[in-house]
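The next block holds one structure in the form of C-alpha cells; read it before the comments.
The values are calculated or read from the model by the stated rules, or taken from the named source; none is laboratory data. Please read all numbers here as calculations on a predicted model, not as lab measurements. Note that each Cβ is placed from the backbone with ideal geometry, even for glycine, and that neighbours are counted across all protein chains shown. Remember, those area values only see protein heavy atoms, side chains included, never the ligands or the DNA or RNA. Shrake-Rupley method; radii C 1.70, N 1.55, O 1.52, S 1.80 Å.
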Amino acid sequence: MTAMETFDGGAPLVLEPVVPPPHALLALTEAHRAAMEAVTLGLSRRLLDKAPRGDGHPVMVLPGFLGADGYNAGFRRYLTKLGYAVHGWGLGRNLGPREGVLESLEERITFLAERYDGPISLIGHSLGGIFARELARAFPERVRQVISLGSPFGEGRMIASYPARLFSALNPPEDLPIDQGILHVAPPVPTTAIYSRGDGVVNWQTTLQRAGHALTQNIEVRGSHCGMTFNPAIWYLVADRLSQPVDGWKPFERRSWTSLLYPAPAH
C-alpha cells in the first residue's frame, strides 16, 4: 500500500492511501464462488447447529450496495431460528445514502429499540456495514454492537472498489450526508469487522478496522464478497458474536476446530 497526496492550489491537503482493487481473477470468479458458498449451506447443518442460541434481543440486517432484504432472507431466517428478533432494513434496494435513507434508518432503530426495550445489534453487508457503523456512531445508546461483512470503510476505499464509479454516479460526493473523513474510525460500541482475502469486489485491506479500541476485532473468513450472506462460516461467526452479553463483550477466540474456518489475524 502506498500513499497519494491530493492538492488544492499547490498546497497538500490529504495523504490518501493508494489501495488497488482486487485481482481480476478474484473479480471474475465472484459469482461462481458465491454460488458454491450457497451450496455449502446445505452441507453445514452440523456446524450451524453448534451455534450459541440467542437471547431475544433485536437485530437488523442491512444489505449491500444494489442489494435488498431478499438477498439476505435466508440469513435472517437462521438468526430468527436461533432466537433473535430479526428485521430487514425495509427500504428496498440499497442505492446509497440518498435523501431520506439515513433518517429512515434512524427512525427504524429508534422504533425497534423502544419496542424491545433495549439496544439493537446491527449487521451490515458491504455498504450496509458502513451505514451500520455510522448509525452506531450517531446513536450509540441505541446500538448494542455492529458487525460488518466486507464493508470498505477504510482509507483508500474508493480506489480499491470496483463498484465505486457507479456508486459515485448515483451518489455525487458533494451530496453525501456522511462525513467521509471519519468512516475509518471505529464507532464507540463493540465492533466486529469480518473480511476475506478472497474478496473480489473490494480490496480486503479497506475492510479492516485499524487503530480501533478495546471492543473492536477483525476476523478473517474464506470466501467471496457477494457470498458473505450465504457463507456458513459467517453465519456461525455472527451467531457467536450476537450471543455476547450486552455488558460483557469479549473478542472471538480461535480454538480447536474453529481455527480451520477462521485464519490467523492479518497484520
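Across all directions, the shadow cast by the convex hull of the chain built on its C-alpha atoms averages 14.2 square nanometres.
Legend: Rg and Dmax of the stretch 137-263, from Cα coordinates, 15.2, 49 Å. As a ratio to 2.2 N^0.38 Å, the alpha-carbon radius of gyration for the stretch 56-102 is 1.20. By the equivalent-ellipsoid construction on the alpha carbon gyration tensor, the stretch 129-211 comes out with semi-axes of 21, 17, 10 Å, ordered largest to smallest.
Specify whether the C-alpha gyration tensor of the stretch 29-111 places it in the rounded, prolate or oblate class, a ≥ b ≥ c being the square roots of the eigenvalues: rounded for a/c under 1.5, otherwise prolate if a/b is larger than b/c and oblate if not. Because a/c hits 1.5 or more and a/b fails to exceed b/c, the stretch 29-111 counts as oblate.
For the options ARG108, ARG157, ARG165, a Gaussian network treatment of the chain with springs between C-alpha atoms closer than 10 Å singles out ARG165 as fluctuating the most. Where is the GNM fluctuation largest for the chain (alpha-carbon springs, 10 angstrom cutoff): ASP69, ASP49, ASP247? Ranking ASP69, ASP49, ASP247 by mean-square fluctuation puts ASP247 first. The charge dipole of the chain, taken about its Cα centre with unit charges on the Cβ atoms of Lys, Arg (+1), Asp and Glu (-1) only, comes to about 1240 debye. This model, with +1 at the C-beta of Lys and Arg and -1 at the C-beta of Asp and Glu, gives the stretch 80-204 a dipole about its Cα centre of some 500 debye.
Ordering LEU215, LEU122 by accessible area with a probe of 1.4 Å, largest first, what comes out?
The most accessible residue leads, giving LEU215, LEU122.
Relative contact order for the chain: 23 percent, from Cα pairs under 8 Å spaced at least 6 residues apart, divided by residue count. Of all the options LEU91, LEU48, LEU25, the one that moves most in a Gaussian network model of the chain with Cα springs shorter than 10 angstrom is LEU25. Rounded to the nearest 500, the 222 nm mean residue ellipticity of the chain from helices alone is -8500 deg cm²/dmol, with -39,500 (n - 2.57) taken per DSSP H run of at least 4 residues. Over the Cα atoms of the stretch 113-152, each weighted equally, I'd like the Debye log10 I(q)/I(0) at q = 0.14, 0.16, 0.21 Å⁻¹, rounded to two decimals. Taken in order of the listed q values, log10 I(q)/I(0) reads -0.27, -0.35, -0.56. In percent, rounded to a whole number, the relative contact order of the stretch 112-152 is 48, using alpha-carbon pairs under 8 Å and six or more apart. Each residue of the stretch 196-211 was assigned a 3J(HN,Hα) from its phi angle through the Karplus curve 6.51 cos²θ - 1.76 cosθ + 1.60 (θ = phi - 60°); the sequence is 9, 5, x, 4, x, 10, 10, 5, 4, 5, 7, 9, 8, 8, 9, 6 Hz, with glycine and proline shown as x.
Nearest 5 is fine: what % of DSSP beta bridges in the chain come out antiparallel, could you say? Taking every DSSP beta bridge with both residues in the chain, the antiparallel ones total about 25 percent.
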